[in-house]
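One structure is given here, and the rest of the page talks about it.
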Amino acid sequence: MIRSEILKEIAPIIRDHLVVCNIGLPSQELHMIDDQPTNFYMLGTMGLSSSIGFGLALAQDKPVISIDGDGSVLTNLGTLPTIANNATGNYTLLIIDNGSYGSTGDQPTYAGQKTSLTAVAKACGCDNVIEVQDKDLGPVLQSAIDSDEMTIIVCKCDSGNIKLPVITLDPVVIRHRFMEAVKA
Amino acid sequence: MNIDKKIADDLVANDVSFVTTVPCKQLAGVIEEIDVRDDIFHIPSNKEDEGMGLCAGAFMGGKRPAIIMQNTAIGVTINTLATLTQFYRMPLPMLISYRGELREPVACQVEMAVHTKALLAQLNIPTFHFHWQKDVEELDNILKYTFMSNKPVAILTDANFWGGYGDQ
């Protein structure tokens, strides 16, 4: 499965939850598949999906899911020790690991070669790290959301993109409706 | 006056309850003070752009955030300031150790100091410079201004403000 197929499959699971979605194609795909006010789309700032989602999870009690990519996590590897050492049960980090920088033309990442983000997350002190194949993600993600323990999911999948338009929503509108959904 | 306590008091008085820090020798006292305050959740960051991400999330979660860092961080956070904090119009007080100014003992720090105000000006970030201890009296107003305007705001605090740089 490629990332857009995974997002289609998990859309019903994450629909009612606060989601921070990674820059580029992941946000464009989620926006096209199931736009919700509970989705915060990153229009820039590669690497910070996990940090934004984690700050949000620390600041309030609702479950938060950060959708990240292997390339983006590699950009901000310092995020994993921070998350590990300040764990909060309402946070789930979903790393869609397709071994490539999808939004820039599928150049290979080191996560698709010798580097295991699962092992990195464990070494950083994350207690619940689950590596899962794309087709098995749904139930794993559901139980991570339902669980009182913070979970890092590394979902291994194929690289590949679909053609779709950029998000034209104004960033302040994205932020405002998201904050209203957080308060609701 | 104890500057560290005054800064922490002003943060608390302005409902700032989520503070991330990347350390600097000059900031050690204020970081320690923030760490012991019950009203402030302190989360150290490994890099300042990561910290700004945490602050963005905390703000959307209903908390007033702040970041404490060194001015060298301006060099690594320009993209984050432009495409996250400013693009989505989020407030962020940045209490910045202004290394490389008067009474600085480390020559390399001057190399970033000479760019600091120019970079902040280029980003249209409101910038305040604390050089004398009494300048801290402006902090309360600056915090109110930051959350009124929904912008990142820089507070540069140099070695003279902190009473010199150790024994050097």
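The values are calculated or read from the model by the stated rules, or taken from the named source; none is laboratory data. Because the structure is predicted, anything quoted here is derived from the model rather than measured. Glycine gets a Cβ as well: all are built from the backbone with ideal geometry, and neighbour counts include every protein chain shown.
Only residues that are over 13 Å from residue B:160 (Cβ atoms) and either out of contact with any helix residue (DSSP H, G or I) (no Cβ under 8 Å at 6 or more places or on another chain) or at pLDDT below 95 (or both) were counted in region B:91-104, giving 1. Quick check: is even one residue across region B:35-45 at pLDDT 95 or above, touching an Asp or Glu at 6+ places or on another chain (Cβ under 6 Å) and over 21 Å from residue B:14 (Cβ atoms)? The answer is no; no qualifying residue exists. So which of B:82, B:113, B:73, B:121 is touching a strand residue (DSSP E or B) at 6+ places or on another chain (Cβ under 9 Å), within 14 Å of chain A (Cβ to nearest Cβ) and modelled with pLDDT of 95 or more? Exactly one residue qualifies, and that residue is B:73. Against the numbered list (1) among the aromatic types (Phe, Trp, Tyr); (2) buried (at least 22 other Cβ atoms within 10 Å of the Cβ); (3) more than 18 Å from residue B:31 (Cα to Cα), residue B:162 comes up short only at (3). Taking the criterion of being among the basic types (Lys, Arg) and either within 12 Å of the chain's Cα centre (by Cα) or within 12 Å of chain B (Cβ to nearest Cβ) (or both), would at least one residue in region A:60-68 satisfy it? Yes, region A:60-68 contains a residue that is among the basic types (Lys, Arg) and either within 12 Å of the chain's Cα centre (by Cα) or within 12 Å of chain B (Cβ to nearest Cβ) (or both). With respect to residue A:54, determine if the residue is of a type in the set (Phe, Trp, Tyr) and within 19 Å of residue A:125 (Cα to Cα). The answer is yes for residue A:54. For residue B:7, the conditions (1) surrounded by 19 or more Cβ atoms within 10 Å (Cβ to Cβ); (2) within 29 Å of residue A:20 (Cβ to Cβ); (3) within 15 Å of the chain's Cα centre (by Cα) all hold with the exception of (2). Exactly one residue out of A:78, A:47 is surrounded by fewer than 24 Cβ atoms within 10 Å (Cβ to Cβ) and either in contact with a helix residue (DSSP H, G or I) (Cβ under 7 Å, 6 or more places away or on another chain) or farther than 22 Å from residue B:59 by Cβ (or both), and it is A:78. Looking at A:136, A:146, A:170, just one residue is out of contact with any helix residue (DSSP H, G or I) (no Cβ under 8 Å at 6 or more places or on another chain), more than 30 Å from residue B:60 (Cα to Cα), of a type in the set (Asp, Glu) and at pLDDT 95 or above, and that residue is A:136.
Among all residue pairs at least 6 apart or on different chains, which show Cβ distances below 8 Å where the first residue, located in region A:73-88, is touching a residue at least 40 places away in the same chain (Cβ under 8 Å) and within 13 Å of residue B:44 (Cβ to Cβ) and the second is among the aliphatic types (A, V, I, L, M) and assigned to a helix (DSSP H, G or I)? From region A:73-88, the pairs are A:84/A:121. Of all residues in region A:163-184, those that are more than 18 Å from the chain's Cα centre (by Cα), in a loop (DSSP other than H, G, I, E, B) and under 18 Å from residue A:23 (Cα atoms) total 7.
Does residue B:92 qualify as being away from every other protein chain (no Cβ under 12 Å), under 14 Å from the mean Cα position of the chain (by Cα), buried (at least 16 other Cβ atoms within 10 Å of the Cβ) and under 28 Å from residue A:59 (Cα atoms)? Here the answer is no, as residue B:92 does not meet what is asked.
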